[in-house]
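What follows is one structure encoded as structure tokens, with my remarks underneath.
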Amino acid sequence: MKDIQGDDRAGDVHADAALYAVDALEPGERAAFELHLRGCAACREEVAAFGEVGAHLAAAVAEPPPAALRGDVLAAVRGTPQERRPEERAEDRAGDAPVSLAQRRRPRRRWLAAAAAAVLLPGAALGGWAVGTQTEQREQQLVAQEQDRQNRLLSAPDVTTRQLDVDGRPATLVVSAQADAALFVASDLAGPGEGREYQLWLVQDETPVPDVRFGGGQVQVWLDGDIDRAGAVAMTVEPAGGSETPTLPVLAAAEI
């Protein structure tokens, strides 16, 4: 006796990936599909892709998507024709040879697979929109925090600026001991050289303390150390990764 599922399902077992991803397979079907997964790289990739979509949706903040995006998704769903089930076509039943259970279930399985994909794929668009929105909001927060930090420095009662000459190119140091903050700004620093980078030093009690490192070009960096304890700032070129003691010569220095 032939298995009622047997080879009749072999042709569309790959369609079970979407159903497997949304846990819509019956226990026996799930076990059979998991056995199939062991030898089918394409299905493993498809299941993994659906899983990533689900993870994005689970992690996304619940925010209303743009109206246009919702409209596009609804239009796509409404525009997807649903295949008529064979039993609904009475004129085709007369004289037909007996069909297997798998053959009767195949249209339903294809429709379920399409429905599962319709759930997950629009979800990918919505999840991507939410992740993109979160990224944009985070960037806006960082910009606002940076602006607030600069405002506090510039509004400090003791804020001062020091002009530096770095190999013939201008740079500015904005300093406030009361705010315990210092900002180094340059618009066109020469590159420090391959495998090297610039490093600033806070001179405390005549001892240079290593601070922030950076490259050439347009630069805007905050010093990390205790500005209120420093008497000067110096700048050198160091091997990539920085140094614990300055490498001479000192390129620029300013008392603060």
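If you count, for each residue, the other Cβ atoms within 10 Å and average over each peptide, how do 140-149, 192-201, 155-164 line up from highest to lowest?
Descending packing order for the listed peptides: 192-201, 155-164, 140-149.
In this structure, the amide hydrogen of ARG196, modeled 1.01 Å from its nitrogen in the peptide plane, lies closer than 5 angstrom to those of ALA240, counting only residues at least 5 positions away or on a different chain. Near ILE256, the amide H atoms lying under 5 Å from its own belong to ALA232, VAL233; only residues 5 or more places off or on other chains count, and H is placed 1.01 Å from N. When peptides 170-179, 207-216 are sorted by average Cβ neighbour count within 10 Å, with the highest value leading, the order is 170-179, 207-216.
Taken together, the values in this text are just the output of simple stated rules run on the coordinates, not laboratory data. Please read these numbers as outputs of a predicted model, since none were measured by experiment. All Cβ positions, glycine included, derive from the backbone under ideal geometry; neighbour counts span all protein chains shown.
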